[in-house]
Ligand SMILES: Nc1ncnc2c1ncn2[C@@H]1O[C@H](COP(=O)(O)OP(=O)(O)OP(=O)(O)O)[C@@H](O)[C@H]1O
Ligand code: SF4
Ligand SMILES: [Mg+2]
């Protein structure tokens, strides 16, 4: 298993290399001259040329690329054009809120979706199933920001139970941290919850019709053991896949959510950097997002091997 | 009605039905039989005649969404099973009555180890800790002659051959010393040599444990070699029942005679695929079970049929020495050459 994980980790390197290549050239060919932007609105041609030389933008493209890759390999993503801070530092400052929001959303979604899906499959076509799945469809149809405003109206404004928006780092205490995450996580999570619940139900229904479930019942096993061990473990692969897709969507979705809930994470950093054409920061962010998705993909793949002994590694 | 001494299982007028898009399927339509302690009873009949549904009805494993036991009685040790609570029923399953299924390739859970699947049955019914249950699982694997049983405990079903999986199923079914083992075509999916080994194993274990066996098969060859008494089913009904020698000496139902003619001759037994062909050589089709069948279900295919056969259902007639048959023309059948 360890050898398998190491092998899979190495297999991600070519993917990341392609992403790096893409990022590098995308920004080199994008409209707008970074040197001109940095030098300021009414800089002279000489001043712009000086800036260009300083940034190495006057060198041949290939040389620039290798310099960039070598720095990257050492963990150096360059310096922000505007704040003059290292890109790695800018990003690492903003990572915590984004990771916290992604994980808490995922937790809300999965913790509700799996029991809902299992019960719905168990009581398929009965009242419980219809009710629960009806809610799931509703949750799926409702745009996250609409739900966000409804939740904010009741929980934050009317009853004043939770903060309206904002973020408190975990260093300031557990409850303030959790308190700020509840509404955004629920608002964001409902869509994923609905999605995961549906796939759980479908996958469980398929598994429950299998011969080995009849065998488990012929042993007189308790219902919870049949459902949660014999069936759910077999149903897990599609569920995990959808959870993985959910995480990928969440990572892309942080830009909007962080704006709605005023959370100072990577999403907000991205918006700012793009608007200001802060190329080194944008490059760094794209790489970090890509790496996160590749990592999620890897974890999902590895979990398949844990869940299903027939998957060879 | 008093419980006959020695009968562990008594099935009376069992009727099991399914709701389908074509209407109500009467899969089992009034079947009765007894199983004595330690006995081996065979149930034979063509595909679709209701053998598996009979077996699943006894364990009350008919899928409740579509099927139900519509009438009849199933008594296990004098206790009525058709009305028993679900929890009590669960305590019987896998413990007092267990079952082996037709498809060894799909009847074991692919993501749980063999050891876990045997041991969980023991933990459930014997109230022993996991460690002891695993030890029991090891003993059982050893008993069904799986080599290197200790290592096999931690293997998954896909690592085993079909024959080995069926051995695992047997080990699992016998792990709590059941009084009744229902084996639903346990060897149909296996090739001939393995078939013989598995049947041999089941009979040996039966000698050791005294478990009564209901052996379901469509293979009269298997019936002849392994059972003491035989129930012949046709279209959800019992058409004949007899001690095995009597049935082979003098089959009294035209359908049973048809089945016997369809037995592959011994010298051509092992065909290229290594399996015995299914019994479908009797001309004509099995009736649709969605319509009530007024007379004898076999009438459309029967060479002895008279006008009465299509109208009045023949009652079971006692032909002496435990031999019963449901046929109006039994005397003519008896007089004709088999
Ligand atoms: N779940 C179900 N829903 C509807 N009809 C069913 C169901 N299970 C069985 N039947 C019907 O009941 C009848 C008897 O089926 P059963 O499985 O008992 O046959 P069998 O004698 O075991 O045949 P085989 O030798 O093929 O295993 C068949 O006509 C079948 O179509
Ligand atoms: S009752 Fe009539 S139709 Fe049925 S088996 Fe006997 S002779 Fe044939
Ligand atoms: Mg069957």
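The values are calculated or read from the model by the stated rules, or taken from the named source; none is laboratory data. What you are looking at is a predicted structure, and each value in this text was computed from that prediction instead of being measured. Quick reminder, even Gly has a Cβ in these numbers, built from the backbone with ideal geometry, and neighbours come from all protein chains shown.
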Conditions (1) away from ligand 1 (no atom under 16 Å from the Cβ); (2) in contact (Cβ under 8 Å) with a residue 12 or more places away in the chain; number of the one not met by residue B:129: (2)
Test result for residue B:183, at pLDDT below 90 and within 19 Å of the chain's Cα centre (by Cα): no
Residues located in region B:105-147, provided they are more than 14 Å from every other protein chain (Cβ to nearest Cβ), out of contact with any helix residue (DSSP H, G or I) (no Cβ under 8 Å at 6 or more places or on another chain) and farther than 20 Å from residue B:178 by Cα: B:131, B:147
Pick from region B:186-229, criterion more than 19 Å from residue B:100 (Cβ to Cβ) and in contact with a strand residue (DSSP E or B) (Cβ under 8 Å, 6 or more places away or on another chain), ranking: nearest to ligand 1 (Cβ to nearest atom): B:220
Matching entry among B:82, B:54 (being closer than 27 Å to residue A:205 by Cα, more than 13 Å from ligand 1 (Cβ to nearest atom) and in contact with a strand residue (DSSP E or B) (Cβ under 7 Å, 6 or more places away or on another chain)): B:82
Residue in region B:61-81 that is more than 22 Å from the chain's Cα centre (by Cα), outside any strand (DSSP E or B) and within 8 Å of another protein chain (Cβ to nearest Cβ) present: yes
Candidate set from region B:191-234 (those that are under 15 Å from the mean Cα position of the chain (by Cα) and in a loop (DSSP other than H, G, I, E, B)); member that is farthest from residue B:105 (Cα to Cα): B:228
Residue selected from region A:149-164 under the condition exposed (fewer than 15 other Cβ atoms within 10 Å of the Cβ) and assigned to a loop (DSSP other than H, G, I, E, B), by the criterion modelled with the highest pLDDT: A:159
Selection status of residue B:107, part of a loop (DSSP other than H, G, I, E, B), within 13 Å of ligand 1 (Cβ to nearest atom) and under 18 Å from the mean Cα position of the chain (by Cα): no
Residue list for region B:17-65, restricted to those being over 21 Å from residue B:188 (Cβ atoms) and within 16 Å of ligand 2 (Cβ to nearest atom): B:29, B:30
Within region B:83-104, tally of residues that are more than 7 Å from chain A (Cβ to nearest Cβ), touching a residue at least 24 places away in the same chain (Cβ under 8 Å) and in a loop (DSSP other than H, G, I, E, B): 4
